[in-house]
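Peer 1: My questions all concern the structure below.
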Ligand SMILES: Cc1ncc(C[n+]2csc(CCOP(=O)(O)OP(=O)(O)O)c2C)c(N)n1
Ligand SMILES: [Mg+2]
């Protein structure tokens, strides 16, 4: 300890040291960055001080990758990672990924540089053209808060405030921009000690969650108990892993079926009350939407909204005329005009603002009390549960038939690909980052733990290029746990940010990226075809500008050039298991990324 102090006296203590020390004290484990002169002070402090206190710098080859790595890390841990972005040009590479994080509701501390603001100190010419008034303007619409402190005390306060703001529900990124002058100026140690001891002594608090008013929650409990066919639709509830257990308990206590939007892992697919992919919402006389974005569209439409499970095949649901709708969540707190995120306004019958991590256990307690003292009611609920069980089993039988029907298709069907992978994964401790192979990974695999799925391959924001770096960030979070992390990633999605494989290689992150390769931005093939059909134009030409052929991308070679290991292209279903086994062997024995190029049918 004494050695450190002497060193500090000799080295001096700077603004960026203060920032990095506070990041450590706030529990930040990773700072993902792409370098630049406006963050050189911060960069130096990360290398020299951050490493001592356990903050690791993650080198990324693009700012969009850095943000998505931090986003993935937050999905796996619920905790923010930090990102450092060079001014203007670095910052302008990041907004789409910041938007994804904002709209996905994850915490993130985005740090940036600017200036030097002191005129004489600005180098020609880069410092002139990359100094903005203010950098925050470029991302203000996409973050919960942004700020540019003017002095060291302000830097300390705003970092603490930013952290609290980011991790308070609804969680979201914040952006803090530091003048080069402030980063590189000497700072008095006593100022740092004061703030550091308060942070370590937990003098700055994050508020406890919003509880929801009991009277309304009691009415929701009543509706769950006394409706004929109640169904819960779960959106982002699984962001708190403990809420998954509460939701299971609620479903069991009240005998309610649950439909999972697959925005997060919300409900185990093998649970008899899992009704995902069934049409039961149409029979429901009470629908309880939990943390659902865009309630109106999520309830009424199946495929057009990302928020609705890809397990359902028809587009529009016809609900019962007498259906009652209840809502629990924090959606109103996320309102922002920069991105609308809604369709029509949903009429509801009962609605309460509450954090589901506290509302769900309350409902479980409340309903248990009522049911325990009423054997007649318990029998009624058991009958309801057995009806749901039949629906659950029926849909699973249908999927098995569909798998059999699609067994021999060439190119391989997503169903068969998922089946072959499961033969290997079922013996593993595995985590799926993102993706479902068109729903088949959830239809066929056993998803029982929150780490069996983290979200949509384009995140809540729908921005392509998210899946691969987010998978790296998720794998970073599980590094050293022995859990094998894989992602199911479209070829188009992967190609936006394929360089993130280098980051995984460089930082020795074992991870398996399975490329769902249909040689196209297939989603847009369908859009092109729809327009061609409606205008009576050539179907052949509908493929121009949406296929990824001629040349076909060699994913295995690309992976190898970035320090990873590549398998494929794999076309025969019989080869999938071996590729998975080999990939698992590689990630277990060497800490490197593996890419499996799987040629599959688009649907
Ligand atoms: C950054 C960005 N650019 C464009 C789009 C529009 N888009 C939506 S889906 C998609 C195709 C993605 O291709 P791939 O990942 O291969 O999935 P596929 O549709 O082939 O299954 C595109 C380009 C987007 N969502 N995000
Ligand atoms: Mg594709």
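Where a number appears in this text, it was derived from the coordinates with a stated rule and is not lab data. As the structure is a prediction and not an experimental result, all values here were calculated from the model. All Cβ positions, glycine included, derive from the backbone under ideal geometry; neighbour counts span all protein chains shown.
Peer 1: Sort the following peptides by mean Cβ neighbour count (other Cβ atoms within 10 Å, averaged over residues), highest first: 257-267, 122-132, 158-168. Walk me through the numbers before you get to the answer.
Peer 2: Details: 257-267: 26.5, 122-132: 14.5, 158-168: 21.0.
Answer by packing, highest mean first, reads 257-267, 158-168, 122-132.
Peer 1: Starting from 0.36 nm per residue, how many nanometres of slack lie between residue 369 and residue 206 once their C-alpha separation is accounted for? Please report the intermediate quantities before stating the final value.
Peer 2: Details: separation 163, 0.36 × 163 = 58.68 nm, distance 3.19 nm.
Length gained, residue 369 through residue 206: 55.5 nm.
Peer 1: As a footprinting exposure proxy, order 511, 256, 592 by other Cβ within 10 Å, with the fewest listed first. Mind dumping the intermediate values first?
Peer 2: Values: 511 31, 256 26, 592 18.
Listing 511, 256, 592 from fewest to most nearby Cβ atoms yields 592, 256, 511.
Peer 1: Want the number for residue 283 to residue 333: 0.36 nm per residue separation, take away the alpha-carbon distance, what's left?
Peer 2: Working: separation 50, 0.36 × 50 = 18.00 nm, distance 3.09 nm.
Result: 14.9 nm gained on full extension.
Peer 1: Taking the Cβ of each residue in 555, 138 as the centre, tally the other Cβ atoms inside 10 Å and list the residues starting with the fewest. Before the final figure, lay out the partial values.
Peer 2: On the way: 555 25, 138 21.
Least crowded to most crowded, the residues run 138, 555.
Peer 1: What is the distance, in nm, between label points placed 7 Å from the Cα along the Cα-to-Cβ direction at residue 218 and at residue 390?
Peer 2: Going by the 7 Å Cα→Cβ label model, 3.6 nm.
Peer 1: If you wrap the stretch 406-599's Cα atoms in a convex hull and average its projection over all directions, what's the area in nm²?
Peer 2: On the way: hull surface 44.5 nm².
Average of the hull's projected areas for the stretch 406-599 equals 11.1 nm².
Peer 1: Okay, moving on. Under the classification rounded if a/c is under 1.5, otherwise prolate if a/b is larger than b/c and oblate if not, where does the chain fall, given a ≥ b ≥ c as square roots of the Cα gyration tensor eigenvalues?
Peer 2: Details: a/c = 1.86, a/b = 1.32, b/c = 1.41.
It is oblate, given that a/c is not under 1.5 and a/b is not larger than b/c.
Peer 1: Calculate the FRET efficiency for residue 126 and residue 151 from the Cβ-Cβ distance with a Förster distance of 25 Å, rounded to the nearest 0.05. Don't skip to the end; give the middle numbers.
Peer 2: Details: r = 25 Å, r/R0 = 0.99.
That pair, residue 126 with residue 151, gives E of 0.50.
Peer 1: Can you give the angle from 0 to 90° between the axis of helix 214-226 and the longest principal axis of the chain, with both taken from C-alpha atoms, to the nearest 10?
Peer 2: Once rounded, one gets 30 degrees.
Peer 1: At 7 Å along the Cα-to-beta-carbon direction for both residue 164 and residue 40, put a label point, then send me their distance in nm to one decimal.
Peer 2: Rounded to a tenth, the inter-label distance reads 3.5 nm.
Peer 1: Also, I was wondering about something else. Report the residues of the stretch 204-226 in range of a label on residue 380: point 7 Å along Cα→C-beta, backbone N strictly under 17 Å from it.
Peer 2: 219-226
Peer 1: Label the stretch 164-296 by shape, choosing from rounded, prolate and oblate, from the square roots a ≥ b ≥ c of the eigenvalues of the Cα gyration tensor; if a/c is under 1.5 it is rounded, and otherwise prolate applies when a/b is larger than b/c, oblate when it is not. Please list the in-between numbers first.
Peer 2: On the way: a/c = 3.41, a/b = 2.64, b/c = 1.29.
Since a/c reaches 1.5 and a/b is larger than b/c, the shape of the stretch 164-296 is classed as prolate.
Peer 1: I've got another one for you. Take the alpha carbon gyration tensor of the stretch 329-468, find the square roots of its eigenvalues, order them as a ≥ b ≥ c, and report rounded if a/c is under 1.5; if not, report prolate when a/b exceeds b/c, else oblate.
Peer 2: Numbers: a/c = 2.12, a/b = 1.23, b/c = 1.72.
The shape class here is oblate.
Peer 1: Any idea what angle helix 95-104 forms with the longest principal axis of the chain, computed on alpha-carbon atoms, 0 to 90 degrees, nearest 10?
Peer 2: Value to nearest ten degrees: 50.
Peer 1: Where does each of 398-410, 139-151 land if you order them by average Cβ count within 10 Å, highest first? Write out the running numbers ahead of the final one.
Peer 2: Details: 398-410: 13.3, 139-151: 19.0.
Sorting 398-410, 139-151 by mean packing, highest first, produces 139-151, 398-410.
Peer 1: Ok, one more. Over 10 Å intervals from 0, what percent of Cα-Cα pairs in the stretch 389-430 sits in each interval?
Peer 2: 27, 40, 32, 1
Peer 1: Continuing with the same structure: Quick check on the stretch 214-394: of the DSSP beta bridges with both residues there, what percent are antiparallel, nearest 5%? Provide the component values of the computation, followed by the final result.
Peer 2: Working: 1 of 20 bridges.
So the antiparallel bridges in the stretch 214-394 amount to around 5 percent.
Peer 1: Provide the gained length on full extension for the span residue 270 to residue 526, in nm with one decimal, where the gain is 0.36 nm per separating residue minus the Cα-Cα distance. Don't skip to the answer; put the middle values down first.
Peer 2: Details: separation 256, 0.36 × 256 = 92.16 nm, distance 3.22 nm.
Working it through step by step, the gained length comes to 88.9 nm.
Peer 1: Using only the alpha-carbon atoms of the stretch 214-394, report the extent along each of the three principal axes, biggest first, to the nearest angstrom.
Peer 2: Result for the stretch 214-394: principal-axis Cα extents of 52, 36, 32 Å.
Peer 1: Tell me, how many Å apart are the Cα centres for the stretch 384-457 and for the stretch 66-87?
Peer 2: One Cα centre to the other: 29 Å.
Peer 1: Residue 194 to residue 245: FRET efficiency via 1/(1 + (r/R0)^6), r the Cβ-Cβ distance, R0 45 Å, to the nearest 0.05? Spell out each step's value before the answer.
Peer 2: Working: r = 41 Å, r/R0 = 0.90.
That pair, residue 194 with residue 245, gives E of 0.65.
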